[in-house]
Amino acid sequence: MKINRKSILAVVVTVIMVLSLLAACSSQSNNTSGTTVAEPAAKTVEQSTAAPAPQKKVHLTWLYFGNPDEQKQWTATAKAFTDMQDKIEVEYIPCANDAYTQKILTMFASHDAPDTFYTRNGETPTLLKENKLLDLTPFIKVDPNFNIDSYVNIEQINKPFMKDGKVFAIGDNDNPMLLYYNKTMITGLGFQDPHDMYQAGTWTWDEWTKIAAKVKDSSTQSKPIYAFIQDAWFGPNFLWALSNGVGSFYTADGKPSYNDPKVVEALNWIVKRLKDKTILYGASSGKGMDGGQLFQAGQIAFSSAGRWMVPTYKKITAFKWDIVPFPKGPQATQYISYTPGYTSFAINAETKHTEEAWAWFRWFVGKDGQTQNWGKGGNCLPTIKGLEQLVLDDKAYYEHPQTFLDIQKVAIWPDIPYAMNSKEGKLVDDAFQKVFMLQGDPKSTMDQLCSDITSGAAN
Amino acid sequence: MKSAKSYLNNIAITFKYIVIVIGTIVMVFPFYWMILTSIRDASLSYRIPPVFNPTQFKWQNYVEAWTAYPYGHAYINSFIVTTAVVVFSLFTTSLAAFVFAKMDFAGKKILFPMILATMMIPFQVTMVPVYLIMRSMHLYNSLLALIIPSSIFNASGVFLLRQFIKGIPNEYCESAFIDGAGYFKIYYAIYLPLIKTALISLMIFIFIGVYNDFLMPLILIRDIKFYTVPILLAQMKGMWTTDIALSDAAAAIAVIPVLLVYCFAQRYIIEGITLSGLKA
Amino acid sequence: MNIKQKRNLKKNVNAYVLLLPQLIGLVVFGALPIIMVFVISFSEWNLIGSMHFVGFKSIFAELKHPYFTKAMSNTLVFVIMNVPLTVGSAFIIAMLLNNVRFKVLFRAIYFMPVVTSVVASVMVWQWLFHPDFGPINAVLNGVFHLPVKILWLGSTKTAMLSIVIMNAWQTLGYGLILFLAGLQAVPGVYYEAATIDGANKWQKTRMITVPLLSPTTFYCVITSIIGSFQVFGQPYLLTQGGPLRSTYTIAMHIFQKGFTDMEMGRACAVSLVLFVIIIIITGIQFRVSKRWVFYEGE
């Protein structure tokens, strides 16, 4: 019997397929990881913009996460920059919030990383360790148009990105958390406006508890049932402790101090609220519900968030709302806030176009870029001084946007050991969750957490 | 005596129907709740006790869910991936099934148990290596990454079709063989038409499996432009924490195609499962 | 080379040519990944840096890590709850549906969740389970007058049970169809003979139906166990493994290690463990089944 002609054809096709696959595989693995040294060349950029426009613009990529609305806004930002000069063309690469860490790390792993991007808690440790962030210091030194001192609270916003006198990224936005409150509901129950108490310095845990108890009492079928949802993530986890005068969860020499008496006092206070059901812990109602949802529906009195909820809450018409810092605990001397996480702008150390990337970077983190990004419908605070009006424009929707600006100056950013070691972070998150689920006594759980961190149990 | 017995019998039968109907309600209720939530304002879903009957028909939710997210795009992606996998996979599995059922060749005794063994190994075990393989073949983050593995690797499909072909008498093969037909011709001219039912069953399994697959696109697709329907839906779950009505409308939109296919092809699904299960 | 050898060779070549696509698939997506799991589990690798071989370090580190043991025990709990519930309810419903009017319609309805995507189902179920706004608690309170407020997904005690309930809803239709087909295949003469011997319904079920259905039961149990060990979508989407890691499963742990922590060595070490478990369980199942499964005509 003869071998079928079709079979021969099939063999040939398959062999070609396999060979081309093999070729594709082998062409990939010859990339050595030599880190490029950035040449301080800001001046060249200035000069060459004056030169006749080149045939083709330099193409830069930019990765940033966002929800669908935000993604439209970032596309507009890239276009705004591309249109205002004729040398650089910026392409925005969209990404969903949840997928960001995985996306950027795999992009680096497969050598198709974007030229510029945001780096957050999740990916920063790996990127710093593998030297993927371009050292910006040479540019900052020679570029007269960039002044690092024009940023608000710079030593906090750049905490992880300044080491050995070098700068690796700039935080172009800030999002300190505070409490949104349902003004109609609270004043309707006969209480003083929390913002007035804050101004008078009497906005304390005790006042908060009084309101919460009354809100809880007034709940019926259609009325609110909880004063507050303790959302199950690290921002709200830490805030009550910080509002009790805790400055950091680590000692000056880097040892964990989650069992500090002030922390334990704060946790004991929350546990009491959880037990009398004025606070509901978000994780104990399952996924798919957070404080934001219920606040919008008028079912809770307070919601904890940064400015990111303003665009959503703007749509509320059923009641009036406003913002106020977290109330002071017994040990606190001042109001405080917490910016949950780093979102800082960085340049890829492997980019082929360092000068162009810096030009885009400087615009992006500067006044023009921040105005473009955080102006209309902004969901965070600009970090460069002189743009306060952008936030104050919120006044059309709630009375005291100034509170954001006040709190920004004293906001604490995450501790380096927490943010830079995701495994340690998980231990901490689990311990707080254990307390909030009422499955561990605050003192002993926090003691255990500190000893677990010290003994390296996370690894 | 007899009437007492039939009386008891009637009670038993009534009880049986009650249990069956309750079970049916349990099965259908989540679908009902999905539709109910999706056609009313989100605020109506925050009532205590919950409202069980439809009081409002806000079809606008569907329009909003469809427009607010690149749903059209995800549908096209899902369509491309499912169609491609169905076509290629049916071709390759039936070829392999034919060979295992009707041909004797060196290595059959090793290869067939190997195919059977891989049936047991879940994708969860191999997801990291498959991701690495896709990356090194430059297929990561492309629709091909979803198409290729399922198209050329489907052990249970090969097994199912082999069972069918084995059941067809050898005489067909032998007479064709005497006529001088090649194996490929015997495969497509004689066996393929005979296993049409099995092919349709398998086709529907593959369709449902690939259309609903969540884990594979989760690890192999990165860009929103390559998202398939389930992965888009999963992402949206995080985005619209504020609007339960919209996310349920989106879920309903995702469920509709597969339920339609199911309605029309129910018979084949049941036949396919029955045969694969009983002959295992 | 004589004619017979030549013919054999041609036949072999022909067979392999036709097999080629699935053969490549078997090698690239079946065998190669397993080999890679073995190799990578002896290394430390974050994808971006270079790969270091560390011997058994990754495997031992995983075996004694609390997250791994938690994931493993959670998965076992899931298997222990899920397999009997799914297979058992499928069996009971099949017995009830066997001789019923509108059987085809009921069967179609019971199977509907099987074809529904997990992602879409999860979106509904998280609301069905909601302690305040969910209909499940409302029915318990309103219809059965049970003054309880079960937290379902929100409590470490009930979260896994909730996932099991949802999973049973989603998968029991599959077993149901197999059992119904099995019941149909039981020859009527057996029942007639039993009736003549004076056996009642319960005796007939126990002595005839159950043994004759044992191959089907066996198949259902195997697929259910293996399916249960892979559970990923429901906990990942419903609870993200919480609260307090009470629904954190082994497949989620692999995903977490590989695609969130970017520790490929550790991820493959866990995959290896899962692989070994599945091999062992399948082996044991086949062994045991030889003793009790009744194959008609053997």
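The values are calculated or read from the model by the stated rules, or taken from the named source; none is laboratory data. A quick note: this is a predicted structure, and the numbers were derived from the prediction, not measured. Heads up, the Cβs are rebuilt from the backbone with ideal geometry, glycines too, and the neighbour counts pull from every protein chain shown. Ligands, DNA and RNA are excluded from the accessible area calculation, which covers all protein heavy atoms including side chains. Shrake-Rupley method; radii C 1.70, N 1.55, O 1.52, S 1.80 Å.
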Quick one: accessible area per residue over chain B, 1.4 Å probe, rounded to a whole number of Å²?
-> 42 Å²
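Near A:D193, within a Cβ-to-Cβ distance under 13 Å, what is the net charge of the other residues, with Lys and Arg +1 and Asp and Glu -1?
-2
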Region B:145-224 and region B:86-136: distance between their alpha carbon centers, rounded to Å = 11 Å
Compute the whole-percent fraction of alpha carbon pairs in region A:250-364 spaced more than 16 Å apart.
-> 77 percent
Take the alpha carbon gyration tensor of region C:209-276, find the square roots of its eigenvalues, order them as a ≥ b ≥ c, and report rounded if a/c is under 1.5; if not, report prolate when a/b exceeds b/c, else oblate.
-> oblate
For region A:344-459: relative contact order, % (alpha-carbon pairs under 8 angstrom, 6 or more apart) = 13 percent
How well do other chains shield peptide B:30-37, expressed as the mean number of their Cβ atoms within 10 Å of each residue Cβ?
-> 5
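Rounded, prolate or oblate, given the Cα gyration tensor of region A:118-181, with a/c below 1.5 counting as rounded?
Numbers: a/c = 2.61, a/b = 1.27, b/c = 2.05.
Here region A:118-181 falls in the oblate category.
With contacts defined as alpha carbon pairs under 8 Å and 6 or more residues apart, what's the relative contact order of chain C in percent? Provide the component values of the computation, followed by the final result.
Working: 314 pairs, mean separation 85.2, N = 298.
With pairs under 8 Å counted, the relative contact order is 29 percent.
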Expressed as a whole percent, how much of the Cα-Cα distance distribution for the protein assembly as shown exceeds 39 Å?
-> 52 percent
In Å³ and rounded to a whole number, note down the convex hull volume per residue for the Cα atoms of region B:1-137.
-> 321 Å³
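Show me the ranking of peptides A:360-368, A:313-321 by mean Cβ neighbours inside 10 Å, starting with the highest. Don't skip to the end; give the middle numbers.
Details: A:360-368: 20.8, A:313-321: 14.3.
In decreasing order of mean packing, A:360-368, A:313-321 become A:360-368, A:313-321.
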Taking Cα pairs closer than 8 Å and at least 6 residues apart, the relative contact order of chain A in percent is 22 percent
In square angstrom, rounded to the nearest 10, how much accessible surface does A:S444 have for a 1.4 Å probe?
-> 60 Å²
What is the magnitude of the charge dipole of the protein assembly as shown about its Cα centre, with +1 placed on the Cβ of each Lys and Arg, -1 on the Cβ of each Asp and Glu, and no other charges, expressed in debye to the nearest 20?
-> 4080 debye
Note: C:146-152 gets an average of partner chain Cβ contacts (10 Å, Cβ to Cβ) equal to 1
Using 7 Å Cα-to-Cβ label points, what is the B:L194/B:M114 separation (nm, one decimal)?
-> 2.8 nm
Using only alpha carbon positions, build the gyration tensor of region A:171-215, then give the equivalent ellipsoid semi-axes as the square roots of 5 times its eigenvalues, largest first, whole angstrom.
-> 24, 12, 10
For region B:122-180, how big is the tail of P(r) above 18 Å, as a whole percent of Cα pairs?
-> 56 percent
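Would you mind estimating how fast region A:301-392 diffuses translationally, via Stokes-Einstein at 4 °C and 1.567 mPa s with the Kirkwood radius over Cα pairs, in µm²/s?
Values: Rh = 16.3 Å.
Rounded to a whole number, D works out at 80 µm²/s.
Can you give the charge dipole size of region C:139-298 about its Cα centre, rounded to the nearest 20 debye, using +1 on the beta carbon of Lys and Arg and -1 on the beta carbon of Asp and Glu? Don't skip to the end; give the middle numbers.
Numbers: 11 positive and 6 negative charges, 86 e Å.
Computed about the Cα centre, the dipole is about 420 debye.
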Once the whole set of protein chains is in place, how much accessible area is left on A:D322, using a 1.4 Å probe, in Å² to the nearest 10?
-> 0 Å²
Can you tell me the Rg and Dmax of region A:313-362, counting just the alpha carbons, in angstroms?
-> 20.7, 55
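For region C:146-298, what is one quarter of the convex hull surface built on the Cα atoms, given in nm²?
On the way: hull surface 52.6 nm².
With every direction weighted equally, the projected area is 13.2 nm².
Taking the radius of gyration and the Kirkwood hydrodynamic radius from Cα positions alone, what is the Rg/Rh ratio for chain C, to two decimal places?
Answer for chain C: 1.07.
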For region A:407-459 and region A:64-93, what is the separation of their Cα centres, given in Å?
-> 37 Å
Cα lying deepest toward the dipole's positive end in the protein assembly as shown, options B:F100, A:T106, B:L44, charges on Cβ = B:F100
Give me a single rounded figure for A:378-387: the average over its residues of other chain Cβ atoms within 10 Å of their Cβ.
-> 0
Amide H of A:F117: which non-local residues (sequence gap of 5 or more, or other chain) have their own amide H closer than 5 Å, using H built in the peptide plane?
-> A:L63, A:A346, A:N348
Rounded to whole angstrom, the alpha-carbon centroid of region A:99-163 lies from that of region C:34-99 at a distance of 36 Å
Amide H contacts under 5 Å for C:L47, placed H, 5+ residues apart = C:M264
Would you please give the FRET efficiency between C:L105 and B:V63, computed as 1/(1 + (r/R0)^6) with r the Cβ-Cβ distance and R0 = 45 Å, to the nearest 0.05?
-> 0.85
Using a 1.4 Å probe over the heavy atoms of the protein chains, calculate the carbon and sulfur portion of the accessible area of region B:1-136 as a whole percent.
-> 75 percent
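What total accessible area, in Å², is buried where chains C and B meet, using a 1.4 Å probe and rounding to the nearest 100? Intermediate values should be presented prior to the final figure.
Numbers: alone 18290 and 16870 Å², together 27220 Å².
Summed over both sides, the interface buries about 7900 Å².
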Quick calc, A:D368 & A:K141: beta-carbon distance into FRET formula, R0 22 Å, rounding 0.05, result 0.50
Global form of region A:354-459, assessed from the alpha-carbon gyration tensor, a/c cut-off 1.5 | oblate
Which value, in debye to the nearest 20, gives the size of the charge dipole of region A:89-228 about its Cα centre, when Lys and Arg are +1 and Asp and Glu are -1 at the Cβ?
-> 600 debye
Nearest 100 Å², what total accessible surface is buried between chain C and chain A (probe 1.4 Å)?
-> 3200 Å²
Just flag the trypsin sites (Lys or Arg not before Pro) in region A:376-444 sitting in loop per DSSP whose Cβ has no more than 12 other Cβ atoms within 10 Å.
-> A:K376, A:K385, A:K409
For A:E70, the net charge from surrounding residues (Cβ-Cβ under 14 Å; K, R +1; D, E -1) works out to +1
Nearest 10 degrees, 0 to 90: what angle lies between the long axis of helix B:155-166 and the longest principal axis of chain B (Cα atoms)?
-> 60 degrees
Largest-first principal axis extents of the Cα set of region A:73-138 (Å) | 36, 33, 21
State the dimensionless ratio Rg/Rh of region C:144-230 (Rg: radius of gyration of Cα atoms; Rh: Kirkwood radius).
-> 1.17
Could you sort B:217-224, C:8-15 so that the peptide with the highest average Cβ count within 10 Å comes first and the rest follow in order?
-> B:217-224, C:8-15
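Please report, in whole Å³, the volume per residue of the convex hull around the C-alpha atoms of chain A.
Values: hull volume 100.9 nm³, N = 459.
In chain A, the Cα convex hull volume per residue is 220 Å³.
Write down, largest first, the equivalent ellipsoid semi-axes of chain B in whole Å, where each equals the square root of 5 times an eigenvalue of the alpha-carbon gyration tensor.
On the way: eigenvalues 338, 198, 51 Å².
Equivalent-ellipsoid dimensions as semi-axes: 41, 31, 16 Å.
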In region A:322-440, what percent of the accessible surface is made up of carbon and sulfur (1.4 Å probe, ligands and nucleic acids excluded)?
-> 48 percent
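Give, as a single signed number, the net charge of other residues whose beta carbon lies under 12 Å from the beta carbon of B:K102, with Lys and Arg counted +1 and Asp and Glu -1. Each step should come with its number before you reach the end.
Working: positive: B:K108, B:R162, B:K166, C:K11; negative: B:D104, B:E171, B:E174.
That works out to +1.
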Highest-MSF residue in chain B out of B:A84, B:A189, B:A101 [GNM, Cα springs under 10 Å] | B:A189
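Given the convex hull over the Cα atoms of region C:79-171, what projected area results after averaging over all orientations, in nm²? Can you show the working numbers first?
On the way: hull surface 28.8 nm².
Orientation-averaged projected area of the Cα hull: 7.2 nm².
Hey, what's the per residue convex hull volume over the C-alpha atoms of region B:101-226, in cubic angstrom? Before the final figure, lay out each step's value.
Details: hull volume 17.9 nm³, N = 126.
It comes to 142 Å³ per residue, whole-number rounded.
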